[in-house]
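To start, the structure itself, in structure tokens.
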Amino acid sequence: MYESVYIFLLLLLWSCYLRTIADERELFCYNQDGERVCGGDEFLHLTRIDGKEVGTVHKLYVDGRNLEMTTLSLQPLILEIPNMLTDEECDHFISVAKQEGLKDSSTGKNGGDNTFNILDLDDNKQLNILEMRITIENAFDVYLTDEDILQMYIHTGIDKNGDGNITQEELGRLRPAEMERYIKKFAHFQPEKQSRYSQQAWLYPDKSVDKTFSQVQERVSEVINLPIDVVRLSNFQIVKYGVKGHYNAHHDSSRVDDSIPCCERFDTRQCRVCRYMTILFYLNDVEEGGATAFVLSENDTFATNQVEFSEQVNLYRKCSDAKIRVKPSKGKAIMWYNHFIDHKTKWMGPMDLQTLHGGCPVIKGEKWIANFWLRPTDDRKHDIERIKIMRYKMPRKPKTEL
């Protein structure tokens, strides 16, 4: 017995030694076939866990704890780890969010430039109720019912002949600014009709001195087998949902487009959101509702472009239609890859369109989650430079609390 304990301690010390040496030499380390292998810039690559098949359980020993990772889906690959966080860590992050101050969540869509795209899907030079609803959803991220649309026609007087179809002439009588004011007022009094109804706070790995946060980053690094430097290219968002709180189906990342750069933190350029991977932590048990739904998981019924223009994205109303719905449980994490790996660059490749997902409405109680988004860009050389700058600027001594 003593001999096995002695061997375990030696292995633990050796692992710590290798990690320290890697940090000092600025190496990137991975676990390969049970061994820790390190290399320089040329060795850096993204990894992807092999889910094997639905129901497969991977046993992990991470950070002194036994964990189990289960494959929930292969298309897209969704992995679940109960007890990824301890109760104390969950409570800590909720406390941190309250200290930081929660602000209303947004999606970046609000029609604020007083213009929006008219989606005349059948190209007949008029908008039926479905086309008007989709036009408003895309412009303002507000999800109206057919009855809401008809009420808007009555209040604005836009539908002069009352046939429910809006011609170009009728649409011209309502200025975009008037439409925006009406929709914003409507959403203010019925916030559940918004695409996203929640509050949020942010933490940043390269700026935080929170010891708990640092420990969780190390744990994530081990579980997904990516160097800690890549994990730190991240944003950590803590979100609170109250009753009726939800987030309609969306992608966490965007399609690769060489003409538009990936957004970096606080970017003011025209850019696109690039998130290679999502790790979602549940920070509390929810009394009722609040599941995470994957609209396209194991679903061949709809093509992605069809779903984006269908009611299936409206999880406030259509949550039960999703085949994969993950119930919140304190400490549990679910993970998925928003992108595949480019085989030539071994870095971020095409987007996985089947990752369309969202949060079902909370029916009773409240729901707390944390989104940990790994944010390398699709430019590997640029990210190596970002890592070098981050290593230089990183705080050296984490504190027990903020």
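List the number of the failed condition for residue 161; all other conditions in (1) over 29 Å from residue 104 (Cα atoms); (2) surrounded by 14 or more Cβ atoms within 10 Å (Cβ to Cβ) hold.
(2)
Quick one: what pairs do we get from segment 248-274, first residue free of Cβ contacts under 8 Å to residues at least 24 places away in the same chain, second open to solvent by 40 Å² or more (accessible area, probe 1.4 Å) and among the charged types (D, E, K, R), C-beta under 8 Å, 6+ apart or different chains?
Partner pairs satisfying both residue conditions: 263/269; 271/264; 272/255; 272/257.
Do you know which residues across segment 128-177 are closer than 28 Å to residue 247 by Cβ, aliphatic (A, V, I, L, M) and in a loop (DSSP other than H, G, I, E, B)?
Across segment 128-177, the qualifying residue is only 144.
Tell me, which residue of segment 279-312 that is at pLDDT 90 or above and surrounded by fewer than 20 Cβ atoms within 10 Å (Cβ to Cβ) is nearest to the chain's Cα centre (by Cα)?
Among those that are at pLDDT 90 or above and surrounded by fewer than 20 Cβ atoms within 10 Å (Cβ to Cβ), it is 285.
Among the numbered criteria (1) assigned to a strand (DSSP E or B); (2) surrounded by fewer than 19 Cβ atoms within 10 Å (Cβ to Cβ), which one does residue 358 miss?
Just one mismatch for residue 358, condition (2).
Counting residues that are more than 23 Å from the chain's Cα centre (by Cα), which strands (runs of 3 or more DSSP E) fully inside segment 20-93 reach at least 2?
Those strands (runs of 3 or more DSSP E) span 28-32, 35-39, 57-62, 65-74.
Would you check if there is a residue in segment 319-342 being over 20 Å from the mean Cα position of the chain (by Cα), under 30 Å from residue 242 (Cα atoms) and without any contact (Cβ under 8 Å) to a residue 40 or more places away in the chain?
Yes, segment 319-342 contains a residue that is over 20 Å from the mean Cα position of the chain (by Cα), under 30 Å from residue 242 (Cα atoms) and without any contact (Cβ under 8 Å) to a residue 40 or more places away in the chain.
Scanning segment 194-204 for residues that are open to solvent by less than 30 Å² (accessible area, probe 1.4 Å) and not in a loop (DSSP other than H, G, I, E, B), which turns out nearest to residue 149 (Cα to Cα)?
The residue in question is 196.
Scan segment 205-244 residue by residue and report those that are in a loop (DSSP other than H, G, I, E, B), more than 30 Å from residue 313 (Cβ to Cβ) and of a type outside the set (Val, Ile, Thr).
Those that are in a loop (DSSP other than H, G, I, E, B), more than 30 Å from residue 313 (Cβ to Cβ) and of a type outside the set (Val, Ile, Thr): 205, 206, 207, 208, 225, 226, 227, 232.
Pairs only if they're at least six apart or on different chains, beta carbon under 6 angstrom, first in segment 28-52 and farther than 19 Å from residue 219 by Cβ, second aliphatic (A, V, I, L, M) and in a strand (DSSP E or B); list them, first residue then second.
Qualifying pairs under 6 Å: 51/74; 51/77.
Is there any pair with a first residue in segment 362-391 that is under 28 Å from residue 282 (Cβ atoms) and in contact (Cβ under 8 Å) with a residue 24 or more places away in the chain and a second that is open to solvent by 10 Å² or more (accessible area, probe 1.4 Å) and basic (Lys, Arg) whose Cβ atoms are under 6 Å apart and which are 6 or more apart or on different chains, and what are they?
From residues that are under 28 Å from residue 282 (Cβ atoms) and in contact (Cβ under 8 Å) with a residue 24 or more places away in the chain, the pairs are 368/240; 373/275; 375/275.
Quick check: is even one residue across segment 376-389 within 13 Å of the chain's Cα centre (by Cα) and either more than 25 Å from residue 308 (Cβ to Cβ) or open to solvent by 50 Å² or more (accessible area, probe 1.4 Å) (or both)?
No, there is no match, as no residue in segment 376-389 is within 13 Å of the chain's Cα centre (by Cα) and either more than 25 Å from residue 308 (Cβ to Cβ) or open to solvent by 50 Å² or more (accessible area, probe 1.4 Å) (or both).
Any chance segment 302-318 includes a residue that's within 29 Å of residue 46 (Cβ to Cβ), touching a residue at least 60 places away in the same chain (Cβ under 8 Å) and in a loop (DSSP other than H, G, I, E, B)?
There is no residue in segment 302-318 that is within 29 Å of residue 46 (Cβ to Cβ), touching a residue at least 60 places away in the same chain (Cβ under 8 Å) and in a loop (DSSP other than H, G, I, E, B).
The values are calculated or read from the model by the stated rules, or taken from the named source; none is laboratory data. Predicted model, so just to flag it, every value in this text is computed and none were measured. For neighbour counting, all protein chains shown are included, and Cβ atoms are generated from backbone atoms with ideal geometry for every residue, glycine included. Side chains are part of the model used for accessible areas, which takes the heavy atoms of the whole protein and leaves out ligands, DNA and RNA. Shrake-Rupley method; radii C 1.70, N 1.55, O 1.52, S 1.80 Å.
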